[in-house]
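Take a look at this one; I'll ask things after.
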Amino acid sequence: MTVESILSASDAEKTAPSKPVPDPSRFSVLPRHVAVIMDGNGRWAKQRGLSRSEGHIEGAKTFRRIGEYAGDLGIRHLTFYAFSTENWARPEQEVKGIMKLFGAYLDEALERLDENLEKGIRLRFFGDKSRIDPELVALMNKVEDLTKDMTKVNLNIAVNYGAQQEILHAAQLLAAQCTEGSLKPEEITAEKLEANLYTAGQPPVDLLIRPSGEQRISNFLLWQCAYAEFWYSDVLWPDFTERDFDMALSDFEKRSRRFGGV
Ligand code: IPE
Ligand code: IPE
Ligand code: MG
């Protein structure tokens, strides 16, 4: 764009929000797996005198925006924390609102299936599905099945997810194999345990992003984050932008990862 054309642009053109263009060449190294704790919806709503559910509506929009941006940037594995095993402790109305948003997202994923397939997006849902409404579970399974052959972007959404429960479940499956005689306790390796986690076949988390000012892991991907780089921000999730995501990536490329070495 020339200086002349900027100067001659109409006010509307100048102020129209342009969609940030993902540019992977800005980064010397990209994380293979980015995990995001989408936090701060409630505080965002409170600041505006809105209901917590309205905060979740905005948060869901941010999830779509950042998920798309990260995938377009070429991040191969993305895991977004949408609802924890502990979040059932919230008021019924709020939980209902979140589940409704989740249903809307699943409907949209099916409506936009061609677009998702064209982009090579494989969608997976991490978490215990047994406590989720069977209608939603049917949609989750359908979306997972229809995108299962895609390999470009692995988009994982954690719903009714708890890392301790995930590890416990993997341990139970291995213990059952020991009881039945197909496995000996001394044959249990980290690889065998990993093969029974939701992330089976996916790399460990390189970068964990948590907005909203909290600096804790809240039962998210405890095994997979063993050597993850943490990136915190005070921005509340509904306000989180592509620029914030870029900032996390810029910080990540400067980190010296030693994995216990020197
Ligand atoms: C994250 O935002 C969404 C979920 C946990 C479902 P919060 O609802 O936790 O927002 P805050 O932390 O109360 O601001
Ligand atoms: C973590 O956020 C869970 C999700 C973002 C889905 P919380 O808001 O539930 O975490 P705590 O309670 O502040 O640790
Ligand atoms: Mg929170």
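The values are calculated or read from the model by the stated rules, or taken from the named source; none is laboratory data. On a predicted model such as this, the values are computed, not experimentally measured, just so you know. Counting neighbours? That spans all protein chains shown, and the Cβs are built from the backbone with ideal geometry, glycine included. Areas reflect the complete protein model, heavy atoms only, side chains present, ligands, DNA and RNA absent. Shrake-Rupley method; radii C 1.70, N 1.55, O 1.52, S 1.80 Å.
Do you know which residues across segment 132-171 are among the β-branched types (V, I, T) and part of a loop (DSSP other than H, G, I, E, B)?
Within segment 132-171, I132, T147, T151 qualify.
Follow-up. Whether any residue in segment 19-30 is out of contact with any Lys or Arg (no Cβ under 6 Å at 6 or more places or on another chain), among the acidic types (D, E) and modelled with pLDDT under 95 is what I want to check.
Applying the first criterion (out of contact with any Lys or Arg (no Cβ under 6 Å at 6 or more places or on another chain)) to segment 19-30 yields 19-30.
Still in the list and also among the acidic types (D, E): 23.
Keeping just the survivors that are modelled with pLDDT under 95 gives none.
The answer is no, given that none of the residues of segment 19-30 is out of contact with any Lys or Arg (no Cβ under 6 Å at 6 or more places or on another chain), among the acidic types (D, E) and modelled with pLDDT under 95.
So, one more: Looking at segment 192-214, which of the residues that are within 16 Å of ligand 2 (Cβ to nearest atom) and in a loop (DSSP other than H, G, I, E, B) is nearest to A158 (Cα to Cα)? Before you say what the answer is, go through the steps one by one.
Quick first cut of segment 192-214, residues within 16 Å of ligand 2 (Cβ to nearest atom) only: 198, 205, 208-214.
Pick out the ones that are also in a loop (DSSP other than H, G, I, E, B) and you get 198, 205, 211-214.
Values: Y198: 10, V205: 14, P211: 17, S212: 18, G213: 21, E214: 19 Å.
Selected residue: Y198.
Has segment 225-235 got any residue that is at positive phi, more than 16 Å from ligand 3 (Cβ to nearest atom) and surrounded by fewer than 19 Cβ atoms within 10 Å (Cβ to Cβ)? Spell out the reasoning first.
At the first step, the residues of segment 225-235 found to be at positive phi are none.
Checked against the condition, which is being at positive phi, more than 16 Å from ligand 3 (Cβ to nearest atom) and surrounded by fewer than 19 Cβ atoms within 10 Å (Cβ to Cβ), segment 225-235 yields no hits at all.
Further question on the same structure: Looking at E58, E54 in this structure, which one is more than 25 Å from Q224 (Cβ to Cβ) and touching a Phe, Trp or Tyr at 6+ places or on another chain (Cβ under 8 Å)? If you could, list the steps in order and put the result at the bottom.
Details: E54 fails: touching a Phe, Trp or Tyr at 6+ places or on another chain (Cβ under 8 Å).
Only one candidate passes the filter, namely E58.
Could you give every pair whose Cβ atoms fall below 8 Å, whose first residue belongs to segment 92-110 and is within 18 Å of N41 (Cα to Cα), and whose second residue is of a type in the set (S, T, Y), counting only separations of at least 6 or pairs across chains?
Q93/S53; E94/S53; G97/S53; I98/S53
Looking at (1) within 24 Å of W44 (Cα to Cα); (2) assigned to a loop (DSSP other than H, G, I, E, B), which one does L222 not meet, given that it meets all the others?
(1)
Here's a follow-up. Which ones in segment 19-46 are more than 16 Å from ligand 2 (Cβ to nearest atom), open to solvent by 20 Å² or more (accessible area, probe 1.4 Å) and not acidic (D, E)?
Taking segment 19-46 as the starting set, the residues that turn out to be more than 16 Å from ligand 2 (Cβ to nearest atom) are 19-33.
Checking which are open to solvent by 20 Å² or more (accessible area, probe 1.4 Å) leaves us with 19-26, 28-30, 32.
Within segment 19-46, K19, P20, V21, P22, P24, S25, R26, S28, V29, L30, R32 qualify.
Every residue, every condition in (1) more than 24 Å from R76 (Cα to Cα); (2) open to solvent by 70 Å² or more (accessible area, probe 1.4 Å); (3) out of contact with any Phe, Trp or Tyr (no Cβ under 9 Å at 6 or more places or on another chain); (4) in contact (Cβ under 8 Å) with a residue 12 or more places away in the chain, yes or no:
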{"residue": "L113", "(1), (2), (3), (4)": "no, no, yes, yes"}
{"residue": "K119", "(1), (2), (3), (4)": "no, no, yes, yes"}
{"residue": "R122", "(1), (2), (3), (4)": "no, no, yes, yes"}
{"residue": "S130", "(1), (2), (3), (4)": "yes, yes, yes, no"}
{"residue": "K142", "(1), (2), (3), (4)": "no, yes, yes, yes"}
{"residue": "M150", "(1), (2), (3), (4)": "no, no, yes, yes"}
{"residue": "V153", "(1), (2), (3), (4)": "no, no, yes, yes"}
{"residue": "Y161", "(1), (2), (3), (4)": "no, no, no, yes"}
{"residue": "L168", "(1), (2), (3), (4)": "yes, yes, yes, no"}
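Tally time: how many residues in segment 59-83 are open to solvent by less than 50 Å² (accessible area, probe 1.4 Å) and either within 12 Å of the chain's Cα centre (by Cα) or farther than 22 Å from Q202 by Cα (or both)? Give the derivation first.
Just the residues of segment 59-83 that are open to solvent by less than 50 Å² (accessible area, probe 1.4 Å), to begin with: 59-60, 62-63, 66-67, 69-71, 73-75, 77-83.
Still in the list and also either within 12 Å of the chain's Cα centre (by Cα) or farther than 22 Å from Q202 by Cα (or both): 59-60, 62-63, 66-67, 70-71, 75, 77-83.
Going through segment 59-83 one residue at a time, the tally reaches 16.
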